[in-house]
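To keep things clear, I will list the structure first and then write my remarks on it.
The values are calculated or read from the model by the stated rules, or taken from the named source; none is laboratory data. Keep in mind that this is a model prediction, so the values were computed, not measured. Neighbour counts are summed over all protein chains in view; Cβ atoms, including those assigned to glycine, are modelled from backbone coordinates with ideal geometry. Each accessible area value is taken on the protein alone, full model and side chains, heavy atoms only, with ligands, DNA and RNA left out. Shrake-Rupley method; radii C 1.70, N 1.55, O 1.52, S 1.80 Å.
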Amino acid sequence: MGRGFRLIFATSLLLMLLDLCRGSTIGICYGRNADDLPTPDKVAQLVKLHNIKYLRIYDSNIQVLKAFANTGVQLIIGISNSDLLPFSQFQSNADTWLKNSILPYYPATKITYITVGAEATEISSNVTALVVPAMQNIFTALRKVGLHKRIKVSTTHSLGVLSRSFPPSAGAFNSNYASFLKPLLIFLAENQSPFMIDIYPYYAYRDSPNNVSLDYALFESSSDVIDPNTGLLYTNMFDAQIDALYFALMALNFRTIKIMVTETGWPSKGSAKETAATPDNAQTYNTNLIRHVINDTGTPAKPGEALDVYIFSLFNENRKPGLDSERNWGLFYPDETSVYNLDFTGRGSVDVITGANITSSNGTTWCIASANASEIELQKGLDWACGSGNVDCSAIQPSQPCYEPDTLVSHASFAFNGYYQQNGATDVACSFGGAGLKVDKNPSYDKCLYMTAGSNKTATSNATAISSTSSSQAGEVHILALSSTIMTFFLSFILIIGNI
């Protein structure tokens, strides 16, 4: 009895440790309802160039699956609502689809989730009735080949699945969907699959500007919205909507189901009445969203809770019907140029090296080393820029202005930018095999001045050494605290196992 308890406890402790080590992730939705989009091979190159590690597609297109083989990009693939009927009727249909459409490309193509249907409650009860049976058949097909724990099965929802979302603590599912939701939630809980939700604060503001402030929707609010039932303070609508879903799940006693945001974003252009659909607002929303997620902020009801979020969408899609905004959610145009600058690392308006917050007002951009690049990639790029690339790297030598901090990221950033500026400040000149990252914040610090195209140096940063040091110390404290916690869990686990 005692031995069995210790084993169960040790296993639970290890699972807690693994969950603690897991962080939030940012992915991108890759819709293809447009003319003149790049080929999937070129899209794979674009995704890799911007260090995007997670991608959602809406089908199982063979060319897309082939293009992302051996890229390391993790894919969510989809089964459309129009295909639900055959999957829900016969197990053999799911088995055949898996055999022909997935297994030939897995695991070279890293498929991690399959969405069965999309926002079915927005269509009809006839469609919702097909979702869970289809999910069960897909799950069974995966189990037959031993992949049911590696590839999770779920379905996506709009926020309309809730009948009430404010205050968040009063979040509740729409009772009209009870017959659909009950078996769905049981399936998700039993198989550790996430509840997938599409969340758009943009629509909440657009449809009710008198009740929702733009700053609140954009993560820019300087005041709090208080939940009267819990006293929790909300500074943005995104968190409030996520917590409404958490409370709705808890009200039905489904406390272990994780939430995944499979779509969110902001349009960069809209019709005359859609005044909030601008590039500036889109950039602000997505920049703040990425930072909020990557920092593992969590929500007021679930502080520190890991949350995977997918931004909609990779490209503008000109074939989509509806208002102008529907065709302008993309981060890129079909020619692969950016609609607006976006830093996928989550640092946004804060420089990755010094914490300097210096925005270029004249369109100037710089090239720095991506924090997601490997040391091998950074060293290779640094050596090339200072050698064949003809960059003057004397400033990063010992006792010179840019030697400190003596890190590979810092030195590579200086060299990358030198090559970038000397070669016309083009996207290609900042690629470095995906190790370079374009920013519109001046990375200069102290006496280390970064070049700009057409001149030798830029003005120095206004950021002080004190603010940089305090940010660094805060980061070190966070890392040390996390490391200490992980070590404590690990040692406890070893001791328990040793006593079993």
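In straight-distance terms, cross-link reach from LYS447 covers every one of the aspartates and glutamates whose alpha-carbon lies under 19 Å from its own, apart from those fewer than eight places away in the same chain; here that gives ASP351, ASP392, GLU404, ASP406.
Placing a label point 7 Å from the Cα of LYS273 along the Cα-to-Cβ direction, the residues of segment 314-328 whose backbone N falls under 11 Å of that point are 323.
Pop the C-beta distance of ILE186 and ASN295 into the FRET formula with R0 = 51 Å and round what comes out to the nearest 0.05.
Approximately 0.95, to the nearest 0.05.
Per-residue SASA remark: ASP427, around 80 Å² accessible (1.4 Å probe; ligands, DNA and RNA not included). In the context of the full set of protein chains, residues of segment 20-332 present 42 Å² of accessible surface per residue (probe radius 1.4 Å, heavy atoms only). Other residues within the sphere of radius under 13 Å centred on the Cβ of PHE139, judged by their own Cβ, net out at +3 (K and R +1, D and E -1). Backbone phi angles across segment 318-327, fed through the Karplus curve with coefficients 6.51, -1.76 and 1.60 (θ = phi - 60°), yield HN-Hα couplings of 7, 9, 6, x, x, 5, 4, 4, 4, 9 Hz in residue order; Gly and Pro are listed as x.
Within a Cβ distance under 11 Å of GLN283, other residues only, what is the Lys/Arg minus Asp/Glu net charge? Result for the local shell: -3. In terms of distances greater than 32 angstrom between alpha carbons, the cross-link table entries LYS53/LYS320; LYS42/LYS302; LYS152/LYS438; LYS53/LYS302; LYS66/LYS182; LYS48/LYS152 yield LYS42/LYS302; LYS152/LYS438; LYS66/LYS182.
Mean sequence separation of contacting Cα pairs (under 8 Å, at least six apart), scaled by the length of segment 366-439, corresponds to a relative contact order of 48 percent.
Bridging of LYS144 to aspartates and glutamates at a Cα separation below 14 Å is possible for ASP95, once same-chain residues fewer than 8 apart are set aside.
Here the relative contact order of segment 172-261, from alpha carbon pairs under 8 Å that lie six or more residues apart, stands at 39 percent. Extension gain for the segment ARG164 to THR230, taken as residue separation times 0.36 nm less the Cα-Cα distance, is 22.2 nm to one decimal.
Each of THR256, THR96 has its accessible area taken with a 1.4 Å probe; listed largest first, they run THR256, THR96. Taking 0.36 nm per residue of separation and subtracting the Cα-Cα distance, full extension of the segment from GLN63 to ASN341 would add 97.3 nm.
Over its Cα atoms, what ratio of radius of gyration to 2.2 N^0.38 Å does segment 366-439 give?
Its radius of gyration relative to the 2.2 N^0.38 Å reference: 0.97.
Between segment 62-80 and segment 358-410, the alpha-carbon centres lie 33 Å apart. Shape call for segment 20-332 from the C-alpha gyration tensor, a ≥ b ≥ c root eigenvalues: rounded (a/c under 1.5), prolate (a/b greater than b/c) or oblate? Cα axes put segment 20-332 in the oblate bin.
Share of Cα-Cα pairs in segment 161-311 beyond 21 Å, in percent?
Values: 5062 of 11325 pairs.
Summing the P(r) tail past 21 Å for segment 161-311 gives 45 percent.
Here's the picture: a label point sits 7 Å out from the Cα of LEU103 along the beta-carbon direction, and within segment 24-68 the residues with their amide nitrogen under 20 Å of it are 60-63, 65-66.
Proximity of backbone amide H atoms, modeled 1.01 Å from N, is registered between TYR54 and ILE28, GLN74 at under 5 Å, excluding neighbours fewer than 5 places apart on the same chain.
In segment 20-332, the portion of solvent-accessible area held by carbon and sulfur atoms comes to 49 percent [1.4 Å probe, whole percent, DNA, RNA and ligands not counted]. Near the amide H of SER163, within less than 5 Å, lie the amide hydrogens of ALA172, PHE173, ASN174, all on another chain or at least 5 residues away, with H placed in the peptide plane. If the segment from ASN423 to ILE376 were pulled out straight at 0.36 nm per residue, it would be longer than the present Cα-Cα gap by 14.6 nm.
Centre-to-centre separation between the Cα atoms of segment 207-243 and those of segment 96-129: 34 Å. Residues in segment 366-439 average 45 Å² of solvent-accessible surface per residue, probe 1.4 Å, ligands and nucleic acids excluded. From most to least packed by mean Cβ count within 10 Å, the peptides 68-80, 142-154 give 68-80, 142-154.
Backbone N atoms of segment 275-317 closer than 17 Å to the 7 Å Cα→Cβ label point of SER213 belong to residues 285.
Students often check this: by mean Cβ neighbours within 10 Å, which of 265-274, 25-34, 178-187 ranks highest, and how do the rest follow?
25-34, 265-274, 178-187
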